[in-house]
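The values are calculated or read from the model by the stated rules, or taken from the named source; none is laboratory data. Worth saying up front: this structure is predicted, and the values here are computed from it rather than measured. Cβ atoms come from the backbone with ideal geometry, glycine included; neighbour counts cover every protein chain shown.
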Amino acid sequence: MISDSELLRTVPKVGTDLFFWRDDNDNIKVNVLTELDIKKKLTQVHFSLLTDGHGDMRDMTVNKGAAGYCLVKSTTSIVKMFNSDALDLDGCKVKELEAQWGWKVNPEMTYSFHMYTDDDWVADQLKYLIRRKFGVVCANAPYSSEVVLAEHKEKIYDHLRQFLPRLPQIREDYFNNPPPPPPDKLENARPAPPLQEKLKCNLCGAVICLTFAEHMNVSHYSGPNALDCDLCPCTFETVTSMKNHRSRNHVGAEPQQRSKFGIRDMSAEVKRKCDAQLERIPLGEGTTKTKYGCIWVRENGQKCGQVCVGSTNSREHVCTHLRLKPYTCPLTGCSYASASFKGVVRHYQHEGEEEDDEKSEDHEEEKSEDPPKKQRKC
């Protein structure tokens, strides 16, 4: 680990610091600083810590400056150039942080990374890479340095680890576990899949998980004897699909009353009268269906005792004792009523077939009134 005296050193040191340069093929090279390198016009990369009103470290900036100058003066001159323009990516938004939170750059807590170069473009790449690594606001092209300095990253990171004790804990954690660069900046980049907005049905407002045609067939069935949901405009072909829809989209809602061919279910008052004559039988092992026993007392003083499965069948059984007929035929002019829902459905279907037969007979009679066509002999 680098000592405090070495960390506070402001002058380049031969045989210790790193020197980066570009060769004739524009490849970046790195070696230890030599006597020849130190005579060049060097640029160094340094960092300054931001402190709050209590003197605690909150964040950091990474910038470049001329080598050989006092870092305190260099930092002071750089801070003057910072601005709070959101579109200006350079400067780490120091002015904005100072205006919002009161965090200021502390010139006395400015240190050199002891990385030098005689190329201004290489200095920018080093600055971008270090900013990216320490989670500081990046400038210009933050991910290009990942590619440009790919072969030297491990050596640079090993060098940076010497400065971690001077940085806040949050930046040290970020350094040890940095987020990956975006996929389009990697060597074998894969294009990101396009964002697909969730398709919603215009009729019921539900998010369509299947295809639109399958959703219309399942939730908006328009064929004969379609079953309607009493809580939304969805219609279904079977009772099972309607129950699945209610359990998935209408959690906690009361069971839907039966309504087929316009035949309404029994009223709440009739249900209360029937429930008074029923007692629930405890479920046995391995059974999931609820059973009810009839406690109706006959004229001879004996209980009925018949056991029915389900509340619907049990109530229809009690209606026979109470001589109630809650189900009526929906046809106009028909006074048929029954204690069984299925009985009214059979009656309605039979009456509908008779009406269709009568209409067909009337239509044939209308046809027979027309004069017969002339027939020719073969």
Odd one out for Ala150 among (1) modelled with pLDDT of 70 or more; (2) in contact with a Leu (Cβ under 7 Å, 6 or more places away or on another chain): (2)
Test Thr290 against the criterion of being touching a Gly at 6+ places or on another chain (Cβ under 8 Å) and modelled with pLDDT of 80 or more, and give yes or no. yes
Meets criteria (surrounded by fewer than 14 Cβ atoms within 10 Å (Cβ to Cβ) and not aromatic (Phe, Trp, Tyr)) for Glu214: yes
Given the conditions (1) in contact (Cβ under 8 Å) with a residue 60 or more places away in the chain; (2) part of a strand (DSSP E or B), every one holds for Val344 apart from (2)
Go through (1) over 18 Å from Glu172 (Cβ atoms); (2) at pLDDT below 80; (3) crowded, with 18+ Cβ neighbours inside 10 Å for Ala141 and report which single condition fails. (3)
The correct count of residues that are surrounded by 15 or more Cβ atoms within 10 Å (Cβ to Cβ) and at pLDDT 85 or above in the range 1-39 is 11
Within the range 59-79, is even one residue modelled with pLDDT under 80 and either more than 29 Å from Lys13 (Cα to Cα) or among the acidic types (Asp, Glu) (or both)? yes
Only one of (1) at pLDDT 80 or above; (2) more than 30 Å from Asp23 (Cβ to Cβ) is not met by Lys93, so which one is it? (1)
Those residues of the range 263-284 which are touching a Gly at 6+ places or on another chain (Cβ under 9 Å) and not aliphatic (A, V, I, L, M), in sequence order: Glu279, Arg280
